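Here is the structure we will look at, set down as structure tokens.
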Amino acid sequence: LFPDTYEFYKNSTPREALQRMLNNFEIKFTDEMRAQLDTLNARFGANYTVREITIVASLIEKESAAPAESHKISGVIYNRLFNWGDNPKLLGIDAAIVYAQGGNAEHIDTSIDHPYNTYRYPGLTPGPIANPGLASLKAALNPATSNYYFYVLNPAQGEHKFSTTLDE
């Protein structure tokens, strides 16, 4: 469901509202973006679908502190999925844990047994954790190329610091 401003008639049915949001997604996810998906799949030797890119975009949407870092976060996600050698492809994304905890961000319990626990279960989450906007979808299709595998939020600056190793 594409996040946007919608106007509905009072007598619109929920099905009509949902269909309008789905149609809007199909309009916003352009043919050019579908071609970028093909390029991304070729780059990583993957076979991702629009749904899977939407999952990646939802993770970016919730993890990014500023739009300018979305492509770097996207790059970290793909590095963890495809370039991390023998690592079990754990994404380690806190926003997915918050989603698994019903939105509770006070304490992030990385030990919970939940399919959205990206510290425990490898690969993408079973579904999106948010409705990503256009900027996050574009970042998911165009990840930054880097050697970054980690990032941490610097609250004083309101942005993430990126690194190659956990020790950094």
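Over the residues of the chain, the helix contribution to mean residue ellipticity at 222 nm works out to -13000 deg cm²/dmol, using -39500 (n - 2.57) for each DSSP H run of at least 4.
Projecting the alpha carbon convex hull of the stretch 72-156 along each direction and taking the average yields 6.4 nm².
Under a Gaussian network description of the chain, with springs only between Cα atoms under 10 Å, the residue in 76, 50, 152 that fluctuates furthest is 152.
Take the solvent-accessible surface of the protein heavy atoms, probe 1.4 Å, and return the percent of it on the chain that carbon and sulfur atoms account for. Percent of accessible area from carbon and sulfur atoms in the chain: 51. Short-range pairs are left out: with C-alpha atoms under 8 Å and at least six residues apart, the relative contact order of the stretch 25-154 is 36 percent. With a Cα cut-off of under 15 Å and a minimum spacing of 8 residues unless on different chains, the lysine pairs in the chain number 5. Relative protection proxy for 10-22, 131-143, from highest mean packing down: 131-143, 10-22 (other beta-carbon atoms within 10 angstrom).
For the stretch 136-141, putting each phi into the Karplus relation 6.51 cos²θ - 1.76 cosθ + 1.60 with θ = phi - 60° gives couplings of 5, 5, 5, 5, 5, 8 Hz, in residue order, rounded to whole numbers and with x for Gly and Pro. The residues of the chain present an accessible area of 58 Å² per residue when probed at 1.4 Å with all protein chains retained.
The values are calculated or read from the model by the stated rules, or taken from the named source; none is laboratory data. Since this is a predicted model, take the numbers as computed values, not measurements. Quick reminder, even Gly has a Cβ in these numbers, built from the backbone with ideal geometry, and neighbours come from all protein chains shown. What goes into the accessible areas is simple: the full protein's heavy atoms, side chains included, and nothing from ligands, DNA or RNA. Shrake-Rupley method; radii C 1.70, N 1.55, O 1.52, S 1.80 Å.
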